[in-house]
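Step one of this worksheet: look at the structure below.
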Amino acid sequence: MRRITVINATKGATIGAQIELADTFASRLLGLLGRGGLAPGQGLLIEPSSGVHTVGMSFPIDVVALDKRRRVVGTWRRVAPLRVAGLGFKTRSCLELAVGEIDRHNIEAGDCLEIADRCPSRCAPPQEISNSDDNLVETSTRASEGEP
């Protein structure tokens, strides 16, 4: 699986630089099975995913549910083996992290998470027109007043 860096764009903080991207059928199916745990900075971003389960896992995890723009729609702390988390109609991907990472990074609903090497931001607000382009504004004003 490809390793990526996930950042919390809302808070300007790196969540993990050793996050694996599970974006194929096989990688989503395997997930974290067969591992002994996750260290801080490690995790698994599952795309697409409408929720996760910890059946067959031997350690608990923190789970962050994300919508199609990677905005946090829910968080589940210390999800034990044999559990389900992140299920929801808005959930489009899930980030599995080491226990305590949600609190350590203060991840909360509404935060926007991004993959550091992918641009532009999926959560960025629409660009506002800059006031530094006075000629464009002035030309538009003149044209609306009937001037050339």
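Bear in mind these aren't lab numbers, they're just calculated from the coordinates by the rules spelled out. All of these numbers come straight from a predicted model, not from anything done at the bench.
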Any chance you could run the full-extension gain for ALA39 through SER27? It's 0.36 nm times the residue separation minus the Cα-Cα distance, nm to one decimal.
-> 2.4 nm
Relative to the present Cα-Cα distance, how much length would full extension add between ARG83 and ILE115 at 0.36 nm per residue of separation?
-> 8.8 nm
